[in-house]
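Below: the structure, in structure tokens.
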Amino acid sequence: DEHECTYVSKDGSSLTVLLTVSVFSDTQGEPRFCGVSTDITRRSQVAAEMSRLAHLDPLTQLPNRRLLHDRIRMAVTQARRENTFLALLMIDLDRFKPVNDHYGHSVGDRLLSAVAERMQACLRESDTLARVGGDEFVAILPMIGGVLDAVGVADKIRQSLGKPFDLTDEITVSIDCSIGVAIYPDDAGSADALMI
């Protein structure tokens, strides 16, 4: 038998260990057990970090395209099962490229992080916001009442992003956004079709 478990050391820190237990018989035929614990804490940390990097955008810490597709499939499955509406908001920043070109990528990165925070504040905890490209984002809104609810959220995001961003003591920028709305099942009946 082999499985991972957590040990707590005397100093209170935790270790992730791989516990391997072998069963054998002694000279009288009685079962005996031999267990070996191997510290795999570092390996577990590296695996968790690799998973995080594979599924999250490193700049904004939002889900990336790969994780977004999984979340859309799950949301469509849930909406189909519960006979509810689901909305996708495709959000594209307007006037981002001039900010990046004029002030440089570090200021552009600050702007993207600030944009992500503002949009996240407009969404419910059950919603998902993902960064799918340079200045492109997608929001999944499960269990909504219909298109008017989705348009209301889109308008809230548009108004929030329309306010100036103070990126440094000397740099304040203004941008806009364009938002497309797709509703399941009205506009498409599958996760792939919603993304088109």
Q | Volume per residue that the Cα convex hull of region 78-153 spans, once the total is divided by residue count, Å³ | A | 86
Q.
Please give the charge dipole size of the chain, origin at the Cα centre, charges +1 on K and R Cβ atoms and -1 on D and E Cβ atoms. Round to the nearest 20 debye.
A. 120
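Any chance you could list the semi-axes, whole Å, largest first, of the equivalent ellipsoid that the Cα gyration tensor gives for region 1-103, using √(5λ)?
On the way: eigenvalues 468, 108, 22 Å².
Listed largest to smallest, the semi-axes of region 1-103 are 48, 23, 11 Å.
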Q | Rough spin-label spacing in nm, given labels placed 7 Å along Cα→Cβ, for residue 74 and residue 11 | A | 3.6
Q | Separation of the residue 196 and residue 117 label points, Cα + 7 Å toward Cβ, nm | A | 3.9
Q | Compactness index (Cα Rg / 2.2 N^0.38 Å), region 108-188 | A | 1.17
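Is it possible to state the helix-based mean residue ellipticity at 222 nm for the chain, with each DSSP H run of 4+ residues giving -39500 (n - 2.57), the sum divided by total residues, to the nearest 500 deg cm²/dmol? What is it? Before the final figure, lay out the partial values.
Values: 6 runs with 77 residues, N = 196.
It comes out at -12500 deg cm²/dmol, rounded to the nearest 500.
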Q | Near-label residues of region 1-23 by backbone N, under 18 Å of a point 7 Å along Cα→Cβ of residue 32 | A | 1, 20-23
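Compute the relative contact order of region 116-196 as a whole-number percentage, counting only Cα pairs closer than 8 Å that sit 6 or more residues apart in sequence.
Working: 68 pairs, mean separation 16.3, N = 81.
Reported relative contact order: 20 percent.
Counting only GluC sites (Glu not before Pro) that are in a DSSP loop and have at most 14 other C-beta atoms within 10 Å, tell me the longest site-free stretch of the chain. All intermediate terms of the calculation are to be shown ahead of the outcome.
Details: sites that count: 125, 170.
Counting at most 14 other Cβ atoms within 10 Å as exposed, the longest clean stretch of the chain is 1-124.
With a cut-off of 8 Å between alpha carbons and a minimum separation of six or more residues, what is the relative contact order of region 1-159 in percent?
Values: 193 pairs, mean separation 30.2, N = 159.
That works out to 19 percent.
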Q: Identify all lysines with a Cα-Cα distance to residue 97 below 21 Å; exclude those on the same chain that are fewer than 8 residues away in sequence.
A: 163
Q) What does the accessible area per residue of region 10-118 come to in Å², with a 1.4 Å probe and no ligands, DNA or RNA counted? A) 64
Q. Label 7 Å along Cα→Cβ of residue 43; region 9-25 residues with amide nitrogen under 20 Å?
A. 9, 14-23
Q) Once you treat every alpha carbon in region 39-196 as an equal point and sum by Debye, what is log10 I(q)/I(0) at q = 0.17 Å⁻¹? A) -0.98
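Determine the per residue accessible area of region 141-196 with all protein chains present and a 1.4 angstrom probe, expressed in square angstrom. Don't skip to the answer; put the middle values down first.
Numbers: 3050 Å² over 56 residues.
I get 54 Å² per residue for this part.
Which percent, nearest 5, of DSSP beta bridges in the chain are antiparallel?
On the way: 40 of 40 bridges.
Counting only bridges with both partners in the chain, antiparallel ones make up about 100 percent.
The values are calculated or read from the model by the stated rules, or taken from the named source; none is laboratory data. Note that the structure is predicted; figures quoted are calculated from it, not measured. For neighbour counting, all protein chains shown are included, and Cβ atoms are generated from backbone atoms with ideal geometry for every residue, glycine included. Heads up: the accessible areas ignore ligands, DNA and RNA and are worked out on the full protein's heavy atoms, side chains in. Shrake-Rupley method; radii C 1.70, N 1.55, O 1.52, S 1.80 Å.
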